[in-house]
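So that we are looking at the same thing, I have put the structure below in structure tokens.
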Amino acid sequence: EPTPEPTPEPTPEPTPTPLASGAGVEEHADAVVVGGGLAGLTAALTLLDRGARVILLEKEAYAGGNSQWASSGINGVDVSAYSNPDSVAAFREDCEKSSLGAGAGAATGATLESSISFDAPPAPESVEHIPALTEGSVETLEWFKTRVGVDLSLVGQLGGHSHARTHRPASGMAGSVLVTSVQKACDAYATSGFFVMKKRARATEIVLGADGAVRGVRWSPVTKTTISRENGNGTSVRDDVTVLNAAVAPAVILATGGFAADGSSADSLLRAHAPTSASFATTNTKGTTGDGHKMALSLGAAAVDMENVQIHPTGFVDPKDPTAKTKTLAAEILRGAGGLLLTRDGRRFANELGTRDYVSGRMLAEARAEAEAGGEPMHEGLSLEFALVLNEKAAAEAEKHVALYVSKGLLFKLEGVARVASWLKRELGGARVANAAARAHRGKRTVEAALRDTLRAYDAAAAASLAANGNGTSVVPCPLTNKTNFNGAPFLSERSSPERLATFSSETFYVGRVTPVTHYTMGGVRVDGDGRVVRNKARAAKTGQSVVPGLFAAGELIGGVHGKNRLGGNALTECAVFGRRAGAAVPLPGRASRLEEPPDESSSVDIHTKYEVDDDVVSDKEPEDVSLRNEDVADGDPPDARRATVTRAELAKHASETDCWVALYGEVYDFTDFLEDHPAGAEAITRFAGTDGTRGFDAVHSPGMLEEFEALGTLVD
């Protein structure tokens, strides 16, 4: 009988080209989120609640980005508040007015006096997402309260808003609390393997397949990877190598923030699109370099309004380092609570509650007028410095912020108008201002006398407004600036004592130096209503695809939300609203639309194809002289029942940049290895080295932020 033909082996499926290289790790998930600020964390939590497996890449050693420094609050229309006069329609109208630029969103109706030309209203694509922002704020505000469990009990009114709609917590700063709370909710999925956060992981490339759809992200460790090899003569050589890891997923959400700190790199987006903005200092963290923009644009993504960069009017000038290129933002809530902006010689020159572009424009106008009169040249010396002044009432309204800025040496407490005038002359050269407005205001009077008249005039305008409507927010405007909201007034004592009225020594003020700073990029990558990245016309015509399949974006990275100017408080709103939209739009075939509870730990998911790398830096230092107090521990108790203790005397020995211990909430932490990664700089921690820093920490953060750190022990006397 004939020999039967052998059955051919089935043709194997082609092996996909690995995305990782250089001994890199390849890991798989349903979605990859690039960026660990509020937009990225919100997108991740939305995906996790839908049952997705998520890898989040963050190039810094900490999560939060610029979001954690947004302290004034998050905007949202609270429909649950009884008799709230606000509405989505009113919020939308305020955003649309602000988006026009040229100060058109200011309540004053004044125009921006600057050399910048605003010839036309924003194009439709510049403001196409304002309805989504304002409508989404309602549900997002409720989501933070109910899903995330954030206290947003305080409400304020910022510049350009017609109603009080900027929400903040009673404890801690808004951005810090929101970031910490959402991250904690994400971390609840980590044990089961559904959520992995990679820190110090820089995304370098979004990988597309032959069909133009997303395959994943290549990323490399921020720190160098070193390997040892034999060189042939019996000795070993250590080489730095480039390792490209891969996070493989059919969906990628870019949430890498803006590019307002990208002023010096070879491919600087700031210098390419808004070169005049590069002459200002910035409030942005060092990582705000437009990484997501560059990756998306390299794939043919459409861009919107890249030239629209916001110059915020109030960045603090630190007297210890006045020329620093990175400055601390003087939060807008300081002006919302009643703070005044004054020229160096004590004049009011703008409605403090006007939009940011309007207030910054008035500052630039003052500086130009002085330069034209033979005074300080623009951008030199003190030309763009102004005074921020709060009275006790305004300081109490913004208590957390004031305490923080005083502790940082940015705000100073002074008693009496005379001392404020002396401070103006000493710190800001108040007696040397040379322009027509300054001469007309001061005449032959002293700076002190002119300052008193400024405050008297402001108090008179506030009294007139109150008398007209009984609530201090009438349509009766300040005759100088058209301001109609006078929180914090009066500034001068109403006591009848002639002696006190003559000296004004009973008043308490908080004063600081401020200057315009590069703060936010309104433009960015264009997305559709679901957050999908839109292709530019040329690439769309070539591929036949209007979007990049599987690529999403959210947060400051995107355009089409703010037009030519962003309202204060809308940054966190944008992050959360569009982070949630993108997270909800990622296709998850066969998955439940939402999980009410995080996955049970027993239902773990392995997303790694090789091995898991611990990207966190772990200190190899042994705690010194930390004792275990065992007398209260019964025999047989587990070791973790024993609490290490650190005495105050021992704590005080560790008070340097190379050995930095700080006590917080009764526990002692070693922050030595975290100093170089701290977003506010090492000095913000080292000034508490060897001491109890709870008060300073509590002014900015919430205790939940310490969950990433392991305490050395409990502080004891």
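Read-outs: derived from the displayed coordinates by stated rules, not from any lab. Nothing here was measured: the structure is a model prediction, and the numbers come from that model. As a convention, Cβ positions derive from the backbone with ideal geometry for all residues, glycine included, and neighbour counts pool all protein chains shown.
For VAL317, enumerate residues with amide H under 5 Å from its amide H, sequence gap 5+ or separate chain, H modeled in the peptide plane.
The list, which skips near neighbours in sequence, is ARG513, VAL514, THR515.
Collect residues whose amide H, placed 1.01 Å from N in the peptide plane, falls under 5 Å from the amide H of GLU205; neighbours closer than 5 in sequence don't count.
Placed amide hydrogens put ARG218 under 5 Å from GLU205.
Could you give me the ³J(HN,Hα) list for segment 268-276, computed from phi with Karplus coefficients 6.51, -1.76, 1.60 and θ = phi - 60°, whole Hz, x at Gly and Pro?
My calculation for segment 268-276 gives 4, 6, 5, 6, 6, 10, 9, x, 5 Hz in order.
Packing-wise, with mean Cβ within 10 Å as the measure, how do 319-330, 82-93 rank, highest first?
Values: 319-330: 16.1, 82-93: 14.1.
Peptide ranking by packing, descending: 319-330, 82-93.
Stretch ARG439-VAL406 to full length: gain in nm at 0.36 nm per residue minus the Cα-Cα span? Walk me through the numbers before you get to the answer.
Details: separation 33, 0.36 × 33 = 11.88 nm, distance 3.25 nm.
Taking 0.36 nm per residue and subtracting the Cα distance, the gain is 8.6 nm.
Classify segment 262-374 from the C-alpha gyration tensor, please: rounded if a/c falls under 1.5, else prolate or oblate depending on whether a/b exceeds b/c.
Values: a/c = 1.96, a/b = 1.94, b/c = 1.01.
It is prolate, given that a/c is not under 1.5 and a/b is the larger ratio.
Further question on the same structure: Give me the one-decimal nm value for the distance between modelled label points at ALA644 and SER279, 7 Å along each residue's Cα-to-Cβ direction.
Using points 7 Å along Cα→Cβ, the separation is 5.4 nm.
Also: Could you order peptides 511-522, 307-318, 659-670 by the average number of other Cβ atoms within 10 Å of their residues, highest first?
Working: 511-522: 25.8, 307-318: 24.2, 659-670: 20.2.
Top to bottom by mean Cβ count within 10 Å: 511-522, 307-318, 659-670.
Subtract the Cα-Cα distance of SER264 and GLU142 from 0.36 nm times their separation in residues, and report this length gain in nm to one decimal. Can you show the working numbers first?
Details: separation 122, 0.36 × 122 = 43.92 nm, distance 4.06 nm.
That pair, SER264 and GLU142, stretches by 39.9 nm at full extension.
If Rh is defined by the Kirkwood formula over all Cα pairs and Rg also comes from Cα, what ratio Rg/Rh do you get for segment 664-717? Don't skip to the answer; put the middle values down first.
On the way: Rg = 10.7 Å, Rh = 11.7 Å.
When Rh is taken as the Kirkwood radius, the ratio is 0.92.
Further, regarding this structure: Ranking request for peptides 526-536, 541-551, 243-253, 32-42: highest mean number of other beta-carbon atoms within 10 Å first, then the rest in descending order. The partial results should precede the final answer.
On the way: 526-536: 21.5, 541-551: 17.2, 243-253: 24.5, 32-42: 32.8.
Going from most to least packed, we get 32-42, 243-253, 526-536, 541-551.
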